[in-house]
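Novice: Have a look at this one.
Here, each number is a calculation from the coordinates, and none is a lab measurement. The model shown is predicted, which means the values in this text are computed figures rather than measured ones. Methodologically, a virtual Cβ is constructed for each residue, glycine included, from the backbone with ideal geometry; neighbour enumeration extends over all protein chains shown.
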């Protein structure tokens, strides 16, 4: 048996100090070891994006990274979005409002890709969304509502952070 | 857990990485961005006994100017390269080709050098390196050597690297000797897919407006990326009119022996080679004429 690898990682603000098998994927580590089942195992070879989480702020396919590589990293999963009391994150509210999900399987990946997009592009236009979420597949809703949801999420997130600028209001108007 | 068991090492220096690679030979694989390798491991098309993770090697992710070249380190991400001012101004073909690789979230982890070392004959970046007369900087047990792109790709998913060797960076020359323009064109089944055929062109014009030099490389049309030498020769010294470019591009498929697969027949790929070469050269020449610096 290969030697296990020691790993210190922060997931959704909680520090973990664990030993993992080298072949354990980040996806399996989150789902099976930490019981964070929000990141979904879809294609498991990097095509569908359902397993997308943020590693040090970057949208990452957790099926294409080994947990052993996470030493010192900070991971955010979809479980970090809603409050402990169950209040939805503005991005989740926008997806609900715009019917940006149907079965919900792809949604955790869509949401986390959106978190990253909005951090760089707070008021995205449809083309920005199609580019940023191009690697996330949805089989039921159709993409138009997802694009609408992400565009609607920009102003909602800004408003929740109290950082709506005049320019941002103009764009969203 | 889908991959077969393996030992994991995360060296801190190139020397340590090379040492691991030399010790384990073909049983070891280098892990950089993992966007190709881990996919193969999940389906067990690759079952390496040892993974040498080079992400912890200090400084390997640098993108920097080096004499007349741009050096892109082994763990520099594709997204970082395509957005980097040095690349966009000095070797824009690399950025243009890079924008066609998969999707942003894949490019944020995937590395430029990893894609080149993987040597997929359909992939954009190996062809872009070839068109730019780039080279790989290779570290091995006997020290460092450089390998020109033309000598690097030896077959589908094969390079001329020996066991124990590691590509630590690729270097591409900056700009051209005169007004230079570049373009990348490709046809893929869906956006983000590997191209059925892709063409990168870099055109440098002389003082009289004729083509001083054209550099053209294609992917998806053989076991390796290929230089369109016949087209380059036909363009040299020519006035880059639409007719002259079309006439030159007609020879793009002359020496090709493209594969037939469900994505496209050999005949279709030969057709695309001509059409995409014409479009790429035409666009590159137009950019060179506009005189945008190093466009």
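Novice: Testing the spin-label approximation: label points 7 Å from Cα along Cα→Cβ at residue A:161 and residue B:193. State their distance in nm.
Specialist: Each label point is offset 7 Å from its Cα along the Cβ direction, giving 3.7 nm.
Novice: So, one more: Give me the orientation-averaged projected area of the Cα convex hull of region B:154-199, in nm², one decimal.
Specialist: 5.6
Novice: Using only alpha-carbon positions, what ratio does the radius of gyration of the protein assembly as shown give when scaled by 2.2 N^0.38 Å?
Specialist: 1.02
Novice: Which whole-percent values make up P(r) of chain A when all C-alpha to C-alpha distances are grouped in 10 Å steps starting at zero?
Specialist: In order of increasing distance, the bins hold 10, 38, 33, 15, 4, 0, 0 percent.
Novice: Quick one: A:30, B:83, fewest Cβ neighbours within 10 Å first, how do they rank?
Specialist: Starting with the residue having the fewest Cβ neighbours, the order is B:83, A:30.
Novice: Given N residues in region A:114-162, what is its alpha carbon radius of gyration divided by 2.2 N^0.38 Å?
Specialist: After normalising by residue count via 2.2 N^0.38 Å, the value is 1.11.
Novice: I need the P(r) histogram for region B:70-175: all alpha carbon pairs, bin width 10 Å from 0 out to the longest distance, whole percents.
Specialist: Per 10 Å bin, starting at zero, the Cα-Cα P(r) for region B:70-175 comes out as 16, 53, 28, 3 percent.
Novice: Using the Kirkwood formula on the Cα atoms of region A:90-172, what hydrodynamic radius do you get, in angstrom to one decimal?
Specialist: Final number for the Kirkwood radius of region A:90-172 is 12.5 Å.
Novice: Can you compute the helix-only [θ] at 222 nm over chain B? Use -39500 (n - 2.57) per DSSP H run of at least 4 residues, normalise by all residues, nearest 500 deg cm²/dmol.
Specialist: So the helix-based figure for chain B works out to -9000 deg cm²/dmol.
Novice: How high is the relative contact order of region B:180-289, in percent, with contacts defined as C-alpha pairs under 8 Å that are six or more residues apart?
Specialist: 35
Novice: How large are Rg and Dmax for region A:17-107 when only the alpha carbon atoms are used, in Å?
Specialist: Cα only, region A:17-107: 13.8, 42 Å (Rg, Dmax).
Novice: Pairing the Cα long axis of helix A:107-120 with the longest principal axis of chain A, what angle in degrees results, from 0 to 90 and rounded to the nearest 10?
Specialist: With rounding to tens, the tilt is 70 degrees.
Novice: How big is region B:240-281 on each of its three principal axes, counting only the C-alpha atoms and giving the largest first in Å?
Specialist: 36, 17, 10
Novice: Can you give the Rg and Dmax of region B:1-81 based on its C-alpha atoms, in angstrom?
Specialist: 14.1, 46
Novice: May I ask you to derive the relative contact order of chain B, considering only C-alpha pairs under 8 Å and at least 6 residues apart, and to give it as an integer percent?
Specialist: 17
Novice: Sorted from fewest to most neighbouring beta carbons within 10 Å, what does the list B:186, A:74, B:82 look like?
Specialist: Fewest-to-most Cβ neighbours within 10 Å comes out as A:74, B:82, B:186.
Novice: Along its principal axes, what span do the Cα atoms of chain B show, with the longest given first and each in whole Å?
Specialist: Computed over the Cα atoms, the extents are 58, 44, 33 Å.
Novice: A further question follows. In what sequence do B:160, B:282, B:122, B:115 fall when counting other Cβ within 10 Å, fewest first?
Specialist: Neighbour counts put them in this order, fewest first: B:160, B:282, B:122, B:115.
Novice: While we're here: Report D for region B:180-289 in µm² per second (integer): Stokes-Einstein, Kirkwood Rh on Cα pairs, 10 °C, 1.306 mPa s.
Specialist: For these conditions, the coefficient is 116 µm²/s.
Novice: Using only the Cα atoms of region A:59-132, what semi-axes does the equivalent ellipsoid have when each is the square root of 5 times a gyration tensor eigenvalue? Give whole Å, largest first.
Specialist: Equivalent ellipsoid semi-axes, largest first: 22, 17, 13 Å.
Novice: For region B:142-232, what class follows from the C-alpha gyration tensor (a ≥ b ≥ c being the square roots of its eigenvalues): rounded when a/c is under 1.5, otherwise prolate if a/b is larger than b/c, else oblate?
Specialist: Judged from the Cα gyration tensor, region B:142-232 comes out oblate (a/c at least 1.5, b/c at or above a/b).
Novice: For chain B, find the longest principal axis of its Cα atoms and tell me its angle to the long axis of helix B:14-24, 0 to 90°, nearest 10.
Specialist: Its long axis makes an angle of about 70 degrees.
Novice: Now for a separate question. Cα axis of helix B:266-290 to longest principal axis of chain B: angle in degrees, 0 to 90, nearest 10?
Specialist: Tilt of helix B:266-290: around 70 degrees.
Novice: Mind pulling the per residue volume of the convex hull built on the Cα atoms of region B:1-144? Å³ is fine.
Specialist: 117
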